[in-house]
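I have placed the structure first, in the form of structure tokens, so that the comments after it can refer back to it.
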Amino acid sequence: MDIELGWLRTEFERDGYICGMEVLLPVYLALRLGKPLLIEGAPGVGKTEVAKVLARVLGAELIRLQCYEGLDENKALYEWNYQRQLLRIQLSRSIAAAGGPAAGVGADADPELELERDLFSHEYLLMRPLLRAIRSPERPVLLVDEVDKVDEAFEAFLFELLSDFQVSIPELGTVTANHVPVVVLTSNSERDLSDGLKRRCIYLYIDFPDVDREVRIIQVKVPGTSELLAQQVAAAMRFLRTEMDLRKKPSIAEALDWARALVALGIERIGEKDASDTASLVLKNRDDLSALRREIAAHGVQRLLGRQDQP
Amino acid sequence: MSIRRAARGTSAGRNVLRFVGTLRSLGVPAGSGEVLDAMAALHHVNMRDRSQVKLVLSAALAKDERSRSIFDQAFDLYFVSAEQAAVRARAREAEGQARARRIAQSEAELRFQGQSLELSGEHRETYAQLSQAQQERLREFLSRSSGGHGVDASFLPLIEHIVRGHLERWRQGIENGPGGPSTGDEIADDVVRMVRAGSGSGGDPLLYVDIKDISEADMPRARVLLRRLAKRLATRVMRRYRRARAGDRVDFRRTVRANLRYGGVPVELRFSRRKVLKPKIVLVCDVSGSMSRYASFILQFSYGLAKVVRDLEAFLFAEDLERVSEQLRDAADVELTIGRLLESSRVWGKGTNLAVALRRLNAEHRQVLTGDALVLVVSDTKTLAVTEAAAILAEMSRRVRDIVWLNTVPASEWPGLPTVAALAPHVRMYECSTLADLDRVLRLTMDIA
Ligand SMILES: Nc1ncnc2c1ncn2[C@@H]1O[C@H](COP(=O)(O)OP(=O)(O)OP(=O)(O)O)[C@@H](O)[C@H]1O
Ligand SMILES: [Mg+2]
């Protein structure tokens, strides 16, 4: 795709996605080489958001395939509308029983065969995200979200699809993509993906942002946050993620929730009590929460908020 | 477009190819499609901007945690300024001269009754790379056999044969060890050596430290790592079962087809079904002497998997064998319980007798050795009565699903161990001395299970 790096950078920024070259360049490269982009990283670091931003920036439709355990081709690619099919079968039986002509049946045709051909036509086809992406009249952004949740068999099927962007539907023949979609896959690395799939992709690992970048993300996403408050929230995030051994590290989404709550409560400088009262917005796990409360009991918010809290 | 064609003409392309060679010798699996991507990437960035080049090459070539960490180090060492490259070339030259001196020295040092031994240049290099102590041992052997009773010059060929054998074994050890085999490219070899010498393997360096060498100060971090690895593997396995159960679903498409003749009333349902059975694991852990640290880690890891196995039986052994499954099953804190069990097992003394342990396992716990059981033996193989132990294992391996041996001795030392030679044919033996090994082996085990 013919785009410029500088343009992409401005557009991401304008759309409120705050990132550095380490994120932009792999995205840019994937677009340039026309390859799928595989994004890995901890929960909530902004993987899914990249695809959404990309769709907006490119003015393309976002088609999302949300993966989950047990996802199969029926739900991902296409399915026959069996309810309508059953209705249709019963209808034609009733008509035949009443002595009427079965719909669309010629004089010498086998009505059973005719009915079956009819049942498996476009009319009864339910298009799922992958088929929609292939049939889309304009180049869409196809987001395959949390691809690590599917099993190896489905992953292999995806791999095939991403190789040639065509599928064969036994009843209808081969369908080929009008435009090769911009493909973004995300994974929380709960399962290692196959080498084959990885090889096909350009790879992007998103790390937690540093304090300065998180300050900017908070200010962009939560208008009304003061510089000081954003600094404190970001510093606390750094402390929680790197200094404490938590079961689940807080993500950017939690930082944003926390900032929103603090702004709503009219808090301008986070004190011990504020931190304790709002802690459950930041940490969701009970053990983690009590670890944080112990930290506050022992050291106040001194270590949590770091140097920004010093007067 | 072939890789060679893509690379031709541009020195940058050639450089990338050599760099990929370096990555490959460091175990980063870059496929040819990815190499093409890497070279194509160079057309889309400012080649004079080193950080841009690094980012796009990484996006094309390094696609997991370990690879990314190796890539970062290797890139920084490989793409250096002309000045830095010159310094390194000088260092290489000096090293080459030093080695030549050492080889010459080996001619003077390796003598039998005043005669210099006939050795290949390769073996002389190996000698030059040995530690002082190892060299000394070899020289001592030569001087002692030179003065032996009734030993004359006719012994020379035999002595040469023995020395060559030793050097060959060491040479292989060195090849598999930190230096690795040569890529035939001086600069690449240099980078490979430097990355390997550093923490270099990706992830937490503690993952690659021999478990017995982890310091007390690092133990809390090691435990966190252990828990994380076990959790990750358990999730992975758990998902497989859940998916398998979810497989018992009505397949509507096949149902509609099958029921056409009943007027669409779904009389016969069609199912799509897959079946996966949870594995049954029998752990047999050597806890003699220095083995207890390994045993503790491996037990903790295995109990981290308890949820995803059908049955977990655990035995500790040294001079004899003891079943600890019950204690561990009921333990509130597995880590603590393992510690206590190991503490009390000290009374067993230091000797290891696998044959006795296996005999007792056969005699008193035969019910656990069923056809679907996966037996995991954790031991350094250093046991008494090894021949008998091997015979029992051979017999046992025919009755159970599989026997996997987690050997805590690094594989590079296996060639010199007769116990390994005796036991390995009857089991699947894997090196397991670090947390990374443990993770890899158990993952593999769960995959065969
Ligand atoms: N760099 C960023 N700039 C602005 N907002 C961001 C950035 N990164 C993340 N966010 C915000 O953080 C939230 C979480 O992001 P997102 O849902 O993309 O995370 P994710 O990595 O997909 O998480 P999960 O693994 O849980 O799916 C979103 O509301 C997003 O707007
Ligand atoms: Mg997401």
Filter result for A:L58 (of a type outside the set (S, T, N, Q), open to solvent by less than 60 Å² (accessible area, probe 1.4 Å) and more than 12 Å from chain B (Cβ to nearest Cβ)): yes
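How many residues, within segment B:310-328, are outside any strand (DSSP E or B) and open to solvent by 20 Å² or more (accessible area, probe 1.4 Å)?
So the answer is 5.
Can you list the strands (runs of 3 or more DSSP E) lying wholly within segment A:37-86 that have 1 or more residues being within 30 Å of A:R14 (Cβ to Cβ) and within 12 Å of ligand 1 (Cβ to nearest atom)? Please lay out each step first, then the result.
Numbers: elements: A:37-41, A:62-66, A:78-80.
In segment A:37-86, the matching strands (runs of 3 or more DSSP E) lie at A:37-41, A:62-66.
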Filtered residue count, segment B:65-95, keeping only those that are free of Cβ contacts under 8 Å to residues at least 24 places away in the same chain and within 31 Å of the chain's Cα centre (by Cα): 3
Residues located in segment A:34-55, provided they are open to solvent by 40 Å² or more (accessible area, probe 1.4 Å) and away from ligand 2 (no atom under 16 Å from the Cβ): A:G34, A:K35
Pick from segment A:200-209, criterion within 11 Å of another protein chain (Cβ to nearest Cβ) and of a type in the set (F, W, Y), ranking: least open to solvent (accessible area, probe 1.4 Å): A:Y203
Total residues in segment A:129-155, condition under 29 Å from A:Q85 (Cβ atoms), within 14 Å of another protein chain (Cβ to nearest Cβ) and either in contact with a Pro (Cβ under 8 Å, 6 or more places away or on another chain) or surrounded by fewer than 18 Cβ atoms within 10 Å (Cβ to Cβ) (or both): 1
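Could you list, in sequence order, the residues of segment A:115-131 that are out of contact with any Phe, Trp or Tyr (no Cβ under 9 Å at 6 or more places or on another chain) and of a type in the set (D, E, K, R)?
A:E116, A:R117, A:E123
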The one condition in (1) open to solvent by 20 Å² or more (accessible area, probe 1.4 Å); (2) within 16 Å of ligand 1 (Cβ to nearest atom); (3) in a loop (DSSP other than H, G, I, E, B) that A:R213 fails to fulfil: (3)
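Out of curiosity, is A:F239 more than 11 Å from chain B (Cβ to nearest Cβ), away from ligand 1 (no atom under 16 Å from the Cβ) and among the aromatic types (F, W, Y)?
Working: more than 11 Å from chain B (Cβ to nearest Cβ): yes; away from ligand 1 (no atom under 16 Å from the Cβ): yes; among the aromatic types (F, W, Y): yes.
Spelling it out, A:F239 is indeed more than 11 Å from chain B (Cβ to nearest Cβ), away from ligand 1 (no atom under 16 Å from the Cβ) and among the aromatic types (F, W, Y).
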Of all residues making up segment B:91-137, the number that are under 27 Å from B:F155 (Cα atoms) and among the charged types (D, E, K, R): 10
Residue within segment A:247-257 that is open to solvent by less than 80 Å² (accessible area, probe 1.4 Å), within 16 Å of ligand 2 (Cβ to nearest atom), hydroxyl-bearing (S, T, Y) and within 31 Å of the chain's Cα centre (by Cα) present: yes
Failed criterion for A:P43 (all others in (1) away from chain B (no Cβ under 14 Å); (2) on the phi < 0 side of the Ramachandran plot hold): (1)
Odd one out for A:R64 among (1) open to solvent by 30 Å² or more (accessible area, probe 1.4 Å); (2) within 11 Å of another protein chain (Cβ to nearest Cβ): (2)
Test: residue in segment B:57-66 that is open to solvent by 50 Å² or more (accessible area, probe 1.4 Å), modelled with pLDDT of 90 or more and in a helix (DSSP H, G or I): no
Those residues of segment B:403-444 which are among the hydroxyl-bearing types (S, T, Y) and closer than 22 Å to B:V209 by Cα, in sequence order: B:T408, B:S412, B:Y430, B:S433, B:T434
A:V220 modelled with pLDDT of 90 or more, in contact with a Gly (Cβ under 6 Å, 6 or more places away or on another chain), more than 14 Å from every other protein chain (Cβ to nearest Cβ) and open to solvent by 10 Å² or more (accessible area, probe 1.4 Å): yes
The listed residue being at pLDDT 90 or above and not aliphatic (A, V, I, L, M), out of A:S168, A:S163, A:S187: A:S187
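Could you list, in sequence order, all residues of segment B:101-132 that are hydroxyl-bearing (S, T, Y) and within 19 Å of B:G147 (Cα to Cα)?
Within segment B:101-132, just B:S116 meets the criteria.
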Residue within segment A:99-111 that is more than 27 Å from A:V183 (Cβ to Cβ), away from ligand 1 (no atom under 16 Å from the Cβ) and in a helix (DSSP H, G or I) present: yes
Failed condition for A:L71, given (1) buried (at least 18 other Cβ atoms within 10 Å of the Cβ); (2) within 16 Å of ligand 2 (Cβ to nearest atom); (3) more than 11 Å from every other protein chain (Cβ to nearest Cβ); (4) of a type outside the set (S, T, N, Q): (3)
Filter result (aromatic (F, W, Y) and either open to solvent by less than 30 Å² (accessible area, probe 1.4 Å) or more than 9 Å from chain B (Cβ to nearest Cβ) (or both)) within segment A:74-92: A:Y78, A:W80
Some residue of segment A:1-9 being within 14 Å of chain B (Cβ to nearest Cβ), at pLDDT below 90 and more than 16 Å from ligand 2 (Cβ to nearest atom): yes
Residue that is farthest from ligand 2 (Cβ to nearest atom), among those in segment A:173-199 that are surrounded by 14 or more Cβ atoms within 10 Å (Cβ to Cβ) and part of a strand (DSSP E or B): A:V175
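Among the residues of segment A:141-159, which ones are closer than 14 Å to A:L131 by Cβ and away from ligand 2 (no atom under 16 Å from the Cβ)? Can you show your working first?
Start the filter on segment A:141-159 by keeping residues that are closer than 14 Å to A:L131 by Cβ, which leaves A:142, A:144, A:157-158.
If the condition is that a residue be closer than 14 Å to A:L131 by Cβ and away from ligand 2 (no atom under 16 Å from the Cβ), then A:F157, A:L158 are the ones that fit.
The values are calculated or read from the model by the stated rules, or taken from the named source; none is laboratory data. Note that the coordinates shown come from a computational prediction; the quantities given were computed from them, not determined experimentally. Heads up, the Cβs are rebuilt from the backbone with ideal geometry, glycines too, and the neighbour counts pull from every protein chain shown. For accessibility, only protein heavy atoms count, side chains too; no ligands or nucleic acids. Shrake-Rupley method; radii C 1.70, N 1.55, O 1.52, S 1.80 Å.
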